[in-house]
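First comes the structure, then the notes that go with it.
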Amino acid sequence: MNKEKYDIKKLAAISMMTALAFVSVAIIRIPVVSFLKYEPKDCIIAILAFLYGPAAAALSTVAVSLIEMITVSDTGLIGFFMNITASLLFVMPAALMYRRAKSLKIAVIGLAAGALLMTGGMILWNYVVTPFYMGTPRADVVKMLVPVFLPFNLFKGSLNAAITLLLYKRVAGILRKTGAVQSSQTDGSSKKSIAVAAICAAVIVMLILVLLAWRGII
């Protein structure tokens, strides 16, 4: 396949995944705790980052956040920058590490680092910005940092990491068949795929049970 044809297919794949990330925001918003909701767009952006690199992921993040701001969001510019910050903190460690060494181990380490970085970064964000955004005294926000924001972001980051690892190989395989992904862009090892998929599925089930218990459903 010539480079021009590949670039067209690559751009189409990035656009499709960006649109899918927005659709996931628009239709999947699961209340977790207080006013905080889970949505899975970062999983799609993380997969895009693994396939096409950090620049594509950053552009997709900005595009999704912008469309979200002018359509389904009621948080305005603050929400726009918050969404960009949270997504980039989660995605970029994995994207940068995976670009240097494409392996399952690096993907796991990168996603774990991203989940932790996002958790810490969003605690700082909420400490600084939330009092202005919600018109709430900072002392009240501080009281929410550990019991609310910390577990929420750890839950969100862990769930997104598990879903990303579970779906990445499958999405990469589909796009490879269409010619939108080159074979060299994906980790070729498959011996550990079944074990990783099983672990990720178990983590997802466990986190869903935690969410249900958190909300008093079970």
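The values are calculated or read from the model by the stated rules, or taken from the named source; none is laboratory data. This one's a predicted model, so the numbers in the text were calculated from it and none came from an experiment. Because the Cβ atoms are built from the backbone with ideal geometry, glycine has one as well, and the counts that use them run over all protein chains shown. Keep in mind that these areas ignore ligands, DNA and RNA; they rest on the heavy atoms of the full protein, side chains included. Shrake-Rupley method; radii C 1.70, N 1.55, O 1.52, S 1.80 Å.
For the chain, adding -39500 (n - 2.57) for each run of n ≥ 4 DSSP H residues and dividing by the number of residues yields -26500 deg cm²/dmol at 222 nm. With r defined as the distance between the Cβ atoms of THR71 and VAL128 and R0 fixed at 30 Å, what FRET efficiency is calculated, to the nearest 0.05? With R0 = 30 Å, the Cβ-Cβ based efficiency is 0.65. Applying 0.36 nm per residue to the separation of ILE218 and VAL205 and subtracting their alpha-carbon distance, the gain on full extension is 3.3 nm. For the range 1-156, the relative contact order works out to 18 percent when only alpha carbon pairs closer than 8 Å and six or more residues apart are counted. Rolling a 1.4 angstrom probe over the chain with all protein chains present gives an accessible area of which 72% lies on carbon and sulfur atoms.
The length gained on full extension between SER193 and ARG170, counted as 0.36 nm times the residue separation minus their Cα-Cα distance, comes to 7.2 nm. With the convex hull drawn over the C-alpha atoms of the range 1-151, the volume per residue is 114 Å³. Sorting ARG215, ARG100, ARG176 by solvent-accessible area of protein heavy atoms yields ARG100, ARG215, ARG176, largest first, with a 1.4 Å probe.
The long axis of helix 150-178 is offset from the longest Cα principal axis of the chain by roughly 20 degrees. Straight-line cross-link reach from LYS169 at under 20 Å between alpha-carbon atoms covers these aspartates and glutamates, not counting any fewer than eight positions away in the same chain: ASP42, ASP187. When the pairs LYS37/LYS102; LYS10/LYS41; LYS9/LYS177; LYS41/LYS156; LYS156/LYS177; LYS9/LYS156 are compared against a 21 Å limit on Cα-Cα distance, LYS37/LYS102; LYS156/LYS177; LYS9/LYS156 fall above it.
The charge dipole of the range 1-96, taken about the Cα centre with unit charges on the Cβ atoms of Lys, Arg (+1) and Asp, Glu (-1), comes to about 240 debye, rounded to the nearest 20. Residues in the chain average 51 Å² of solvent-accessible surface per residue, probe 1.4 Å, ligands and nucleic acids excluded. Farthest towards the positive end of the charge dipole of the chain, among the residues GLY173, THR85, LEU66, is the Cα of GLY173, using unit charges on the Cβ of Lys, Arg, Asp and Glu. Using a Gaussian network model of the chain whose springs link C-alpha atoms within less than 10 Å, name the residue from LEU154, LEU36, LEU166 with the highest mean-square fluctuation. Comparing LEU154, LEU36, LEU166 in the GNM, the peak value goes to LEU36.
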